[in-house]
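Single-structure report; data block below.
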Amino acid sequence: MKQSFKKYLVTIFIIANLMMMMRAQFDQKSPVINYVYTPITFIQNYFSMWRGWSMFAPEPMRMNAYIDAIVTFEDETEYVYNFLNIEDESLYERYIYGERLRKYMTDGLRLDSKSYLWKDAAKFVLKKIASTHFKKKPVSVTLRRRWQPLTHFDLELVPHRTKVDKNVFNKYEYYTYEVSP
């Protein structure tokens, strides 16, 4: 009895690993594939092993984009909170949370279709600045899209982790959260 249980566990482990290896070859938008891979998705997300190809193919993003927030205080001063500055993070920080956070910002929080995330993002900013700006009372948090088109995407290679002048980015304030008294 005990021996057969071990065989089942080993078989499940082998099948799960094979499914993980084959997953990248299937259409990620297929409802059938998503249904079949539901238990595998849980395992891969738990152990941070899932890497989708949407960043690279079939149409990579043709712009540098990020999100920041402008916190306005009662005395009318402002503070700009940057959600993520991946250039300044160590390799460990980028691996553990940096790339996922960047992906969340560019493919999630930035888009109008994900507006249900905006209020929570504004509250997150308030929590983050509470320890450094505890003497000031925030009045509002405004989320702002920042982007710079990559004009010669196919001709010009920008070296990885190149510092970019943030003043050349376009900006658009798209959500304001009013802090309740």
Could you tell me how many cubic angstrom of Cα convex hull volume the range 81-152 has per residue?
129 Å³
Pulled fully out, how much extra length does the chain show between MET22 and LYS128, if you take 0.36 nm times their separation in residues and subtract their Cα-Cα distance?
34.2 nm
Can you tell me the length gained on complete extension of the stretch TYR174 to ASP112, counting 0.36 nm per residue apart and subtracting the Cα distance?
21.4 nm
Along the range 20-27, what does the Karplus equation 6.51 cos²θ - 1.76 cosθ + 1.60 (θ = phi - 60°) give for ³J(HN,Hα), rounded to whole Hz, x for Gly and Pro?
5, 5, 7, 4, 5, 7, 9, 5
Straight-line reach check, LYS166, cutoff 30 Å on alpha carbons, 8 or more apart in-chain or any other chain, hits among lysines -> LYS103, LYS114, LYS119, LYS123, LYS127, LYS128, LYS135, LYS136, LYS137
Sorted by accessible area with a 1.4 angstrom probe, largest first, how do TRP147, TRP118 fall?
TRP147, TRP118
For the peptides 74-83, 137-146, what is the packing order when you average, over each peptide's residues, the other Cβ atoms within 10 Å and list the highest mean first?
137-146, 74-83
Stretch TYR8-MET63 to full length: gain in nm at 0.36 nm per residue minus the Cα-Cα span?
15.0 nm
Protein-only accessible surface order, largest first, of MET21, MET61 at 1.4 Å:
MET21, MET61
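The values are calculated or read from the model by the stated rules, or taken from the named source; none is laboratory data. Predicted model only: the values in this text are computed from it and were never measured. No Cβ is skipped: glycine too gets one built from the backbone with ideal geometry, and neighbour counts run over all protein chains shown. These area figures cover heavy atoms from the full protein model, side chains too; ligands, DNA and RNA do not enter into them. Shrake-Rupley method; radii C 1.70, N 1.55, O 1.52, S 1.80 Å.
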